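The next block holds one structure in the form of C-alpha cells; read it before the comments.
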Amino acid sequence: MTLIFSHNLRKHQKWNNMTIQEVGGSIHVQFDYHPKIVADIKLIPGRRWNSSQKVWIIPKRESKRVQEFAQRHNALPSDAPMQQMDYTVPPLPELNISIPLKRDLYPYQRKGVAYSLEKKRLIIGDQPGLGKTAQSIATIVAANQFPCLIICPSSLKINWQREWEMWTSKKALILKDSIKNTWPMFYEHGLADVYITNYESLKKYFVKEINKKGKRLLLKDIVFKNEISMFKSVIIDELHKVKDPTTQQTKFVKGICTGKEWILGLTGTPVVNKPRDLFAQLGIIERIKDFGGYKGFLNRYCEGYNGAKNLEELNYILNKQCFYRREKSEVLQDLPSKVRQVVICEINNRREYQDAENDLANYLKSYKQKSDDEVEKSMRGEIMVRIGILKNISARGKLADVMSYIDDVVDAGEKIVVFVHLRDVAEVIQKHYPGSVSVLGKDSQSERQQSIDAFQNDPSVKVIVCSIKAAGVGLTLTAASRVAFVEQSWHAADHEQCEDRCHRIGQKDSVQCTYFLGKDTIDEKIYKMIEEKRTISDTITGATNQTEVNVIDNIINLFNQK
C-alpha cells in the first residue's frame, strides 16, 4: 500500500481529511461526505463505492483524473507536479483458436477477431477496405452467437448475405415484406442463422408501438416486439450513421441492442467531426459507463473552445476498452497488391430495365430465325446497341449506391478513382462532387493533365471521374488506392489496365478495386463471363476481339434460354 497524499480539505473546512492511496492495481480515495465532492468523483470512469471499507476504488489508469479531482477540492496544491500518464496503446492479442471458416483471415484480421472475442461489445474501426465485415463474421462464428442480427444501409444488404455465404455455412436471410410476420420461424426451423435488415426498416420489423408523450421521442416511449430478445448478437454496419442520439433511428438501434452481450459496431469513420460523434455510438454498444457515463463523457472530452479535449486520453481508453483501428499502411505486409470486390446493387429503376430487357428478348426471337450472314451481322450491331441500353439503365439505377460508397471513402479522408463508360453517368457523378476532376473523352490533353496534377497533388481533390477508354492506359493516379467501376468494359484486360492506374510494380501499397453490379441485370452476366474468360483476354495473344464475340454469343444464349 502506497500513500499518494493525505491532506485537509481547505475548501470545505467542516469536512476534512482526504486520503488517496495506491492499493495493488487501484487507487483508494477516502474523504468525509459532501454532496458536491461525491458528485464530482462519480465523473471518474470505472469508480465504484465500497460500502464496507467506506472508500472509493478507482482504476489506476485514472490516476491523472484523481489528482485533478483532488486539486479541484484543494486537497492537492495547484502547482503540484502531475503524474505523466503513458498513453501508449497496447498491441492487439493473438488469436489462438481455429474458426470454422471457408476462407483464411489475414494475420492482422486474426488479431482483430481475438480482441473482439475478448471485449464482446466494441467498435471495429479499421480503415475502409481492411475487412471489417470478415472480422465481425469470424467473431460471431467463433463465439457461436446465433441468431445474429445485421443492421446496415439498404445498399449493403445483398453484400452482407453474400459475405456470410462466402465465409461460412450459416444461412443469412434478408428481411422483406413477404416474411414480415413469419421471419422468427425461419430460425426455429433451421432456415436462417443470420437476419439482415436496413436502418429504415427497423420500425417495421421490431417496433410494436410508439407512445410519445412529450415533444421529444424518448427510448422509454418505444415499445419493442418481443422477438428482439431472440437475437444473441447484433452487428451494426456503418455505425456512424447513428451518431445523433436524438434521431428515431438511433433510438431504435439502441433499444434493439440493450442488454445484448455481443454488439459489434463497424465504421471506418467513427469520429467525423468531434468526440461528441462517439457519444451515441458508445451508448449503443453499452460502453458509455467506461467513460464516466453520458455526463462524464461530455464533460471530460467534449468541452473546450472547439468541443474537444483530452483526446490522447480518450484514444487510450477507447483502445483499452472497446475499440481498435488499423490504417492500411500498418498492415501492408499482409495484403496482396490488388484486392477485388463486387458490390451488388438494387437498381432504383427496375421497371424501366424490365421493359428494355423484354424488348431485347423479343428482338432476339426474330434474330434467332435469321440465317443470312449479312442479316446476322447487321443484327449483331443492333443487339450491341440494345445491350448498351440495358447497361446504361443499370448504371443510372445504381448511382445512389455508388455515391453512398464514394461518400464513405471521402469522409474517411481517402481519394478514389471512379471509372465509367457513358458521359451522362460521368456528369451525374461530377455534379454530385463539385470539387471533382475528370479524364473523359471530351477533355482536351491539357485539361486531362490539369485534372491528373490536381488529383495527384492537391489534398482537397478526392474524386476523379475517368472514362475506361480515355484513362485506361498511360496515366498515373497513384495518389489513390481505391478504384470503383460503375460500368464495365467487354474485356478483363481493360479492367486491369484501369486498376493499374493506381498500382505500380514495386510500390508498397494495396489497391482495392470495387465493381458495382446491378442485381439481376446484364451487369452480373457480363462480369461473370469476363472473369471466366480473363485468361483469354490477354491482349498479347490477340484474343480480345474474339472475347467480345463470345460474350455476345453467351448473352444471346442466356436470353434465348430465358
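The values are calculated or read from the model by the stated rules, or taken from the named source; none is laboratory data. Keep in mind that this is a model prediction, so the values were computed, not measured. Cβ: placed from backbone, ideal geometry, glycine included. Neighbour counts: every protein chain shown. Ligands, DNA and RNA are excluded from the accessible area calculation, which covers all protein heavy atoms including side chains. Shrake-Rupley method; radii C 1.70, N 1.55, O 1.52, S 1.80 Å.
Structure values in brief
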item	result
Qualifying positions in segment 40-50 - open to solvent by less than 60 Å² (accessible area, probe 1.4 Å) and either farther than 18 Å from Q67 by Cα or among the hydrophobic types (A, V, I, L, M, F, W, C) (or both)	I41, L43, I44, N50
Residue in segment 91-106 that is in a helix (DSSP H, G or I) and closer than 30 Å to K415 by Cβ present	no
Subset tally (residues that are part of a helix (DSSP H, G or I) and either in contact with a Lys or Arg (Cβ under 7 Å, 6 or more places away or on another chain) or buried (at least 20 other Cβ atoms within 10 Å of the Cβ) (or both)) for segment 243-259	6
Complete set of residues in segment 151-179 that are among the β-branched types (V, I, T), open to solvent by less than 20 Å² (accessible area, probe 1.4 Å) and farther than 19 Å from S404 by Cα	T168, I179
Given (1) outside any helix (DSSP H, G or I); (2) modelled with pLDDT under 85, number of the condition A70 does not satisfy	(1)
Candidate set: segment 51-67, residues that are of a type outside the set (D, E, K, R) and assigned to a helix (DSSP H, G or I); chosen: the one surrounded by the fewest Cβ atoms within 10 Å (Cβ to Cβ)	S63
Scan of segment 260-284 for residues that are out of contact with any helix residue (DSSP H, G or I) (no Cβ under 8 Å at 6 or more places or on another chain), under 18 Å from L149 (Cα atoms) and either open to solvent by 30 Å² or more (accessible area, probe 1.4 Å) or part of a helix (DSSP H, G or I) (or both), ordered by number	E261
Residues within segment 316-340 that are of a type in the set (S, T, N, Q) and at pLDDT 90 or above, tallied	2
Within segment 203-242, tally of residues that are touching a helix residue (DSSP H, G or I) at 6+ places or on another chain (Cβ under 9 Å) and either in a helix (DSSP H, G or I) or among the basic types (K, R) (or both)	18
Selected residue (criterion: farthest from the chain's Cα centre (by Cα)) from residues of segment 84-132 that are among the β-branched types (V, I, T) and modelled with pLDDT of 95 or more	I97
Pairs with Cβ under 6 Å, 6+ apart, first in segment 307-329 and within 16 Å of F297 (Cα to Cα), second open to solvent by 20 Å² or more (accessible area, probe 1.4 Å) and among the hydroxyl-bearing types (S, T, Y)	E312/Y87; Y316/Y87
Spans of helices (runs of 4 or more DSSP H) in segment 117-202 with at least 3 residues more than 21 Å from R325 (Cβ to Cβ)	157-167, 183-188
Enumeration of residues in segment 395-431 that are part of a loop (DSSP other than H, G, I, E, B) and open to solvent by less than 10 Å² (accessible area, probe 1.4 Å)	K398
Unmet requirement for H240, which otherwise passes all of (1) modelled with pLDDT under 95; (2) closer than 15 Å to F279 by Cβ; (3) open to solvent by 20 Å² or more (accessible area, probe 1.4 Å)	(3)
I228 closer than 30 Å to G129 by Cα, buried (at least 16 other Cβ atoms within 10 Å of the Cβ) and either within 27 Å of the chain's Cα centre (by Cα) or not basic (K, R) (or both)	no
Subset of segment 432-475 [open to solvent by 20 Å² or more (accessible area, probe 1.4 Å), hydrophobic (A, V, I, L, M, F, W, C) and farther than 13 Å from F419 by Cβ]	V437, A454
Scan of segment 285-312 for residues that are buried (at least 18 other Cβ atoms within 10 Å of the Cβ) and either under 20 Å from the mean Cα position of the chain (by Cα) or assigned to a helix (DSSP H, G or I) (or both), ordered by number	I285, E286, R287, I288, D290, F291, G296, F297, R300, Y301
Selected residue (criterion: modelled with the lowest pLDDT) from residues of segment 341-368 that are of a type in the set (S, T, Y) and within 15 Å of I389 (Cβ to Cβ)	Y363
Hits in segment 159-202 (condition: in contact (Cβ under 8 Å) with a residue 60 or more places away in the chain and either touching a Lys or Arg at 6+ places or on another chain (Cβ under 6 Å) or among the charged types (D, E, K, R) (or both))	R162, W167
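Residue by residue, here is whether (1) buried (at least 22 other Cβ atoms within 10 Å of the Cβ); (2) more than 19 Å from I285 (Cα to Cα); (3) free of Cβ contacts under 8 Å to residues at least 24 places away in the same chain holds:
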| position | (1), (2), (3) |
| --- | --- |
| P90 | no, yes, no |
| L95 | no, yes, yes |
| P107 | no, yes, no |
| E118 | no, no, no |
| I124 | yes, no, no |
| S136 | yes, no, no |
| A142 | no, yes, no |
| Q145 | no, no, no |
